[in-house]
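Take a look at the structure set out below.
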Amino acid sequence: MKEKLLDAKDVSVAFKIAGEYQTALHKVNLSINRGEVLALVGESGSGKSTFAMSVMGLHNPEQTQVTGSIKLNDNELIGLTERQFDKYRGVSVGMIFQDPLSSLNPLMKIGDQIAEAITVHDKQSKEVKNRVQQLLLDVGIVDAKRVSQQYPHELSGGMRQRVMIAIALANEPDLIIADEPTTALDATIQAQILDLIKEIQLKKNAGILLITHDLGVVAEMADSVNVMYAGQIVEQASVEELFNNPKHPYTRSLLRADPSDVNPGEDLYAIPGTVPALNDMDHSKDLFLQRVPWLNDEVVNAPVSEELQKVNAQHYVRGNVWKTFEFEEPVNNEEQV
Amino acid sequence: MSELVRIENLKVYYPVRSGFFNRITDNIKAVDDVSFTIEAGQTYGLVGESGSGKTTIGKSLVGLENPTSGKILFEGQEVTQIKQKKAINYNKDVQMVFQDSQSSLNPRKTIGEIIAEPLKSFGVPNKIGAGYGGERSFEQSKVDERVLELLDIVGLPARTISQYPFQFSGGQRQRIGVARALATNPRLIVADEPVSALDLSVQAQVLNFMKKIQRDYAISFLFISHDLGVVKYMTNNIAIMHNGRFVELGTTEDIFNDASHIYTKRLLSAIPSLDVSQREAKRVYRKKVEAEFTQHQDTYYQQDGKRLRAYDLQQVTKTHFVALENGGV
């Protein structure tokens, strides 16, 4: 039986900009089960990190309005005070960030940084030391004793990311949030780190919220996928469904823009235009349709129901345009040769 | 096909100084004896992980780095040292596009001033893309005219001319960088990770655009990247670099269909695939390659102190070269 770990309902986030609140995240619904990897995919500005920060309680309460409900193991997170959040952050929720160099303290030895994350015991105790060594071994650092005495600058990018993962795992969290965990790494190191996260997740049966803009990473890691555009989820599906049977025009456009399987003689599909600005987001429409030049205004401006439409039990899509959406025949850029 | 640039036995060493007299005690071999040829109108891919020396090659080519030894020939003329580059005004023919469009555009200059800069140094050629040498004019009116033309080529409106870099998105800034590189009618553009900071949809715009200017103006690219998906789409020939050495060199088909060096295989196996059904199989294969790489290093590398040094390249087919002791046979 699947155990629900994180349950987010109608989560909206608005930032105060020049005295007015602008919606950056609009009514996001998603849930993560224990042992599940859920990927949140989208381009910069789509709101995926905004959602993660709401789960971690990292928004500045004076500048941000967070509404809706986020439940972790049935405990409501929205509305908690900073102190109450401390009970979850780093304890039930572990975090892995994109840039380990700026997330690690440059003046502190690796071992001490991991020990700091272990909340229960006195830092110097033998027990904590052993636990630090074990965590380093868990993330594939064989030379744990030496590494725990080193400083972040002495380690390579891949090693630093392993240390970050060790810190995230320190208290055996139920949920791990990985925000672009491999974006700054070389391809071979990326593969190693992804394999490591996967192994640990299987061993600990944790849930993972994986935030990425890289569809390849999604295909390698995720069980289910949520595609985000302009602060909303536009498609929600199992990973097989999403890649084999993508529906929403945005998802299909992204997959088409990927160069890896395109014949070098053909042009890539470039999505025209840009993501609308925060103060220009009318979330009652499907905002992506503005970027499909061949759709008429009626279709683009049609109001869209807030509920995602069901394709099948593993697959939900925003709006109705997906039912009839076709790409125009590729324009011939070769003009006359 | 005609040869545009030939690089022969290029070495770039950085001295390591130590001891009381601060003498040179060792060298860091950033680029260690590499040779390759870029054909006119083609794209040459340089692939490797961070620290492999690919950017150093790019920098030597445009003159931001003085090679320790070896030769760079541009249409048969030697341009290895910066002095030689200046003598034939080589820098108007070879331009560079950088990875980070934010830091490679001066934030206090307008886009018009940024694009005009190379035109002021080298003059305005008669026509974009045509008659590479030719008459060049230094008149201000000509400069302004050309800047507008260039903005039009990269698809930006005329009002851009008086705007500043921060007013643009990453993709637009990257196109501004390309416009600047195009200004002097270069024959070769060194593009160092030009799209790795961009989102997928914007990346597609920039890549399409690079292909278009290549078609229209027969420009060659040296395309430096760690992203093999992009490289496969963009290039005709590829060199795979590791620790300052070429480990494999060939046409794009040679590298993708017939990789022979373990390091190439390792890079290829690390590309995430969009085919979900292959996920487990790929993971197993990746582990296998990784094990082969760590356990059989003597087969693939000479030991050079602590660093792995690839063997010299051996010819396998007419176009395909591999750094194995006896060609891998």
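Straight distance only, please: which aspartates and glutamates reach the Cα of B:K127 with their own Cα at less than 19 Å, same-chain residues fewer than 8 apart left out?
Candidates past the 8-residue exclusion: B:D93, B:E117, B:E135, B:E139, B:D144, B:E145, B:E149, B:D152, B:D216.
Relative to the longest principal axis of the C-alpha atoms of chain A, give the angle of the C-alpha long axis of helix A:126-138, reported between 0 and 90° and rounded to the nearest 10°.
Taking Cα atoms only, the helix is inclined about 40 degrees.
Cut-off 10 angstrom, C-alpha nodes, Gaussian network model of chain B. Which of B:V195, B:V230, B:V284 fluctuates the most?
Answer for the Gaussian network model of chain B: B:V284.
In chain B, what % of DSSP beta bridges are antiparallel (nearest 5)?
Numbers: 36 of 54 bridges.
The antiparallel fraction comes to roughly 65 percent.
Against the longest alpha carbon principal axis of chain B, how many degrees, from 0 to 90 and to the nearest 10, is the axis of helix B:279-295 turned?
The helix B:279-295 is inclined about 70 degrees to chain B.
Among bridges DSSP assigns within chain A, what percent are antiparallel (round to 5)?
Percentage antiparallel, nearest 5: 65.
Run down the aspartates and glutamates and flag those whose C-alpha is under 17 Å from the C-alpha of A:K129, throwing out any fewer than 8 positions away in its chain.
A:D112, A:E116, A:D138, A:D143, A:E172
At a 1.4 Å probe, which residues in segment A:42-80 are at least 30 Å² less accessible with all protein chains present than in their chain isolated?
A:E43
Can you give the accessible area buried between chains A and B, summed over both chains, with a 1.4 Å probe, in Å² to the nearest 100?
3300 Å²
Rounded, prolate or oblate: which fits segment A:97-235 when a ≥ b ≥ c are the square roots of the eigenvalues of the alpha-carbon gyration tensor, with rounded for a/c under 1.5 and prolate only if a/b beats b/c?
prolate
Probe 1.4 Å, all protein chains in place: accessible area of A:W294 in Å², nearest 10?
70 Å²
To the nearest 500 deg cm²/dmol, what mean residue ellipticity at 222 nm is calculated for the protein assembly as shown from DSSP H runs of n ≥ 4 alone, each contributing -39,500 (n - 2.57), summed and divided by the residues?
Calculated mean residue ellipticity at 222 nm is -9500 deg cm²/dmol.
Looking at segment B:46-67, which residues lose a minimum of 40 Å² of accessible area between their chain alone and all protein chains in place, measuring with a 1.4 Å probe and not counting ligands or nucleic acids?
Residues losing area: B:E49.
Around A:F325, with a cut-off of 10 angstrom between Cβ atoms, what is the net charge of the other residues, counting Lys and Arg +1 and Asp and Glu -1?
Here the charged neighbours net out to +2.
Have a look at B:K120, B:K54, B:K287 and tell me which one the Gaussian network model of chain B (Cα, springs below 10 Å) gives the largest fluctuation.
Of the options given, B:K287 has the highest mean-square fluctuation.
Relative to the longest principal axis of the C-alpha atoms of chain A, give the angle of the C-alpha long axis of helix A:187-204, reported between 0 and 90° and rounded to the nearest 10°.
70 degrees
Segment B:236-260 to segment A:176-198: how many Å between their Cα centroids?
Their Cα centres are 25 Å away from one another.
So which residue, out of A:Q232, A:Q309, A:Q161, gets the largest mean-square fluctuation from a GNM of chain A using Cα contacts under 10 Å as springs?
Of the options given, A:Q309 has the highest mean-square fluctuation.
Where the accessible area of segment A:4-222 is counted over protein heavy atoms with a 1.4 Å probe, how much of it, in %, is carbon and sulfur?
Carbon with sulfur: 49 percent of the solvent-accessible area.
Tell me which of B:A259, B:A218, B:G170 sits at the most positive position along the dipole axis of segment B:135-289, charges placed on C-beta atoms (Lys, Arg +1; Asp, Glu -1).
After comparing all options, I get B:A259.
Are there any residues in segment B:188-228 with a reduction of at least 20 Å² in accessible surface when going from the isolated chain to the assembly of protein chains? Probe 1.4 Å, please list them by number.
Flagged in segment B:188-228: B:D199, B:L200, B:S201, B:A204, B:Q205, B:N208, B:K211, B:R215, B:H226.
Of A:K4, A:K198, which has the most accessible area with a 1.4 Å probe, and how do the rest follow in descending order? Don't skip to the answer; put the middle values down first.
Details: A:K4 110, A:K198 25 Å².
In descending accessible area the options line up as A:K4, A:K198.
Give the aspartates and glutamates reachable from B:K212 as a straight Cα distance under 13 Å; neighbours fewer than 8 places away on the same chain don't count.
A:E266, A:D267, A:E334, A:E335
If you rank B:K318, A:K87 by how much accessible surface each has, with a 1.4 Å probe, what is the order from largest down?
B:K318, A:K87
Considering only the other residues whose Cβ falls under 14 Å of the Cβ of A:N312, what net charge follows from Lys and Arg at +1 and Asp and Glu at -1? Don't skip to the end; give the middle numbers.
Numbers: positive: A:K247, A:K310, A:K323; negative: A:E235, A:E240, A:E241.
My count for the surroundings of A:N312 gives 0.
Using Cα pairs under 8 angstrom and six or more residues apart, how large is the relative contact order of segment A:92-246, in percent?
Computed value for segment A:92-246: 25 percent relative contact order.
If R₀ is 25 angstrom, what is the calculated FRET efficiency for the pair B:A87 and B:S35, using the beta carbon separation as r and rounding to 0.05?
Working from the Cβ atoms, E equals 0.60.
Projecting each Cα onto the charge dipole of segment A:252-323 (Lys/Arg +1, Asp/Glu -1 at the beta carbon, about the Cα centre), which of A:W322, A:S284, A:P272 comes out farthest on the positive side?
Ranked along the dipole, the leading option is A:W322.
Strictly over 18 Å apart at the Cα level, which of A:K9/A:K198; A:K2/A:K71; A:K27/A:K48; B:K29/B:K86; B:K11/B:K232; B:K29/B:K265 would you flag in this model? Let's see the in-between values first.
Values: A:K9/A:K198 27 Å; A:K2/A:K71 16 Å; A:K27/A:K48 13 Å; B:K29/B:K86 26 Å; B:K11/B:K232 27 Å; B:K29/B:K265 24 Å.
Table pairs above 18 Å Cα-Cα are A:K9/A:K198; B:K29/B:K86; B:K11/B:K232; B:K29/B:K265.
Rounded, prolate or oblate: which one fits chain A, using the alpha carbon gyration tensor with axes a ≥ b ≥ c (rounded when a/c is under 1.5, else prolate when a/b beats b/c, else oblate)? Provide the component values of the computation, followed by the final result.
Details: a/c = 2.11, a/b = 1.57, b/c = 1.34.
It comes out prolate by the Cα gyration axes.
Over segment A:220-316, with the other protein chains present, what is the accessible area per residue in square angstrom, probe 1.4 angstrom? Before the final figure, lay out the partial values.
Details: 4160 Å² over 97 residues.
With the other protein chains kept in place, segment A:220-316 gives 43 Å² per residue.
Any chance you could check the Cα centroid distance between segment B:268-320 and segment B:34-104 for me, in angstrom?
Here the answer is 27 Å between Cα centres.
Any idea what the relative contact order of chain B is, in percent, if you count C-alpha pairs under 8 Å spaced at least 6 apart? Let's see the in-between values first.
Details: 619 pairs, mean separation 62.7, N = 329.
Once normalised by length, the contact order is 19 percent.
Using a ≥ b ≥ c from the Cα gyration tensor of the protein assembly as shown (square roots of the eigenvalues), is it rounded, prolate or oblate, where a/c under 1.5 gives rounded and otherwise the larger of a/b and b/c decides, a/b for prolate?
Oblate, because a/c is 1.5 or more while a/b does not exceed b/c.
How long is segment B:250-329 along each principal axis, judged by its Cα atoms, biggest number first, in Å?
For segment B:250-329, the Cα spread along each principal axis is 39, 32, 19 Å.
The values are calculated or read from the model by the stated rules, or taken from the named source; none is laboratory data. These numbers were taken from a predicted model, which means no experiment stands behind them. Here Cβ is always computed from backbone atoms with ideal geometry, including for glycine, and neighbour counts include all displayed protein chains. With ligands, DNA and RNA removed, areas are computed over all heavy atoms of the protein, side chains included. Shrake-Rupley method; radii C 1.70, N 1.55, O 1.52, S 1.80 Å.
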